[in-house]
1. Within segment 224-256, can you find the residues that are touching a Gly at 6+ places or on another chain (Cβ under 7 Å) and outside any loop (DSSP other than H, G, I, E, B)?
2. Given the residues Glu82, Glu86, Glu64, Glu45, which is the only one that is more than 14 Å from the ligand (Cβ to nearest atom) and either open to solvent by less than 90 Å² (accessible area, probe 1.4 Å) or on the phi < 0 side of the Ramachandran plot (or both)?
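The values are calculated or read from the model by the stated rules, or taken from the named source; none is laboratory data. In this text the structure is predicted, and so the values were computed from the model without any measurement. Because the Cβ atoms are built from the backbone with ideal geometry, glycine has one as well, and the counts that use them run over all protein chains shown. In case anyone asks, the SASA skips ligands and DNA or RNA and just uses the protein heavy atoms, side chains included. Shrake-Rupley method; radii C 1.70, N 1.55, O 1.52, S 1.80 Å.
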Amino acid sequence: WYQCIDKAIRWTDGRMVRMEIAIDITERKEMERMKDEMISAVSHEMHTPLTAMMGFTEFLLENEVDRDLQKNYLKTIYRETERLNELITNFLQLQRLKASMVKFRITPVAVGLLVADVVSLYAAASKKHRIVVECPPDLPPVRGNEEQLYQAISNLVSNAIKYSPDGGDVTIGASAAADIVTLWVRDQGIGISPEFQEKIFERFFRVDNSDRRKVGGAGLGLTLVREIVATHGGRSWVESSPGKGSTFFISLPAMT
Ligand code: ADP
């Protein structure tokens, strides 16, 4: 794609020559196309939770239902609201990331402190899982944006809780070797079969079975994790055995 930014008429060897100055806008066009695609996909994804929320609310308003059923429907409405909230948060963060990293404040980030922040949030929110931390105190800092890295760790911990039965351990650990800080989040949950272990990082991809359908989510959480980590010059991947659990890894260049 080219965009004409100036035009001129010149006389060369007695002939009129029309000149145009154009700039290459292929990259900008590609960004716009991706943005449009993302917006239409998100609007489409918003329909499912909204339809469920409207349907159940309408039913509760118009019918006399017993307390148990009422509670059941309210739980569904709550789960769908959570799903919508997660979808919007992750979508907005992805858009901000795509816009440019320059806007983000880059500082030395102490991974151990970030982990402690995430843990304090989830320990309070989820009493049904034990959250264990295995971070050595002498980890080197990484260079990055604190808010983004917090979001990435938080998405992994949120998934570890979502996809594990009550009572399971969620372990957050970190180690440093050869100028790389590696952080992992391990769960004892349902696991992921090998054929999906790469696909789950694609946007809107959710492993489709009835168990997971019960869990709120929009399939953007891991996309955001991967984008954030890649913007920081790092890598993200998973190791998992179905039925036994998963360990998600993030590796980031350490500050030397
Ligand atoms: P969401 O959780 O909103 O569906 P994510 O992008 O965070 O979206 O995850 C994509 C899919 O990967 C999930 O739908 C789930 O099937 C699978 N997944 C993610 N984390 C885990 C985990 N810790 N254990 C098992 N499956 C997981």
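1. Ser240, Ser241, Gly245, Ser246, Ile250, Ser251, Leu252, Pro253
2. Answer to the selection: Glu64.
Results for (1) assigned to a helix (DSSP H, G or I); (2) open to solvent by less than 10 Å² (accessible area, probe 1.4 Å); (3) among the charged types (D, E, K, R); (4) modelled with pLDDT under 95, shown as yes or no for each residue.
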{"residue": "Arg143", "(1), (2), (3), (4)": "no, no, yes, yes"}
{"residue": "Gln151", "(1), (2), (3), (4)": "yes, no, no, yes"}
{"residue": "Pro165", "(1), (2), (3), (4)": "no, no, no, yes"}
{"residue": "Gly189", "(1), (2), (3), (4)": "no, yes, no, yes"}
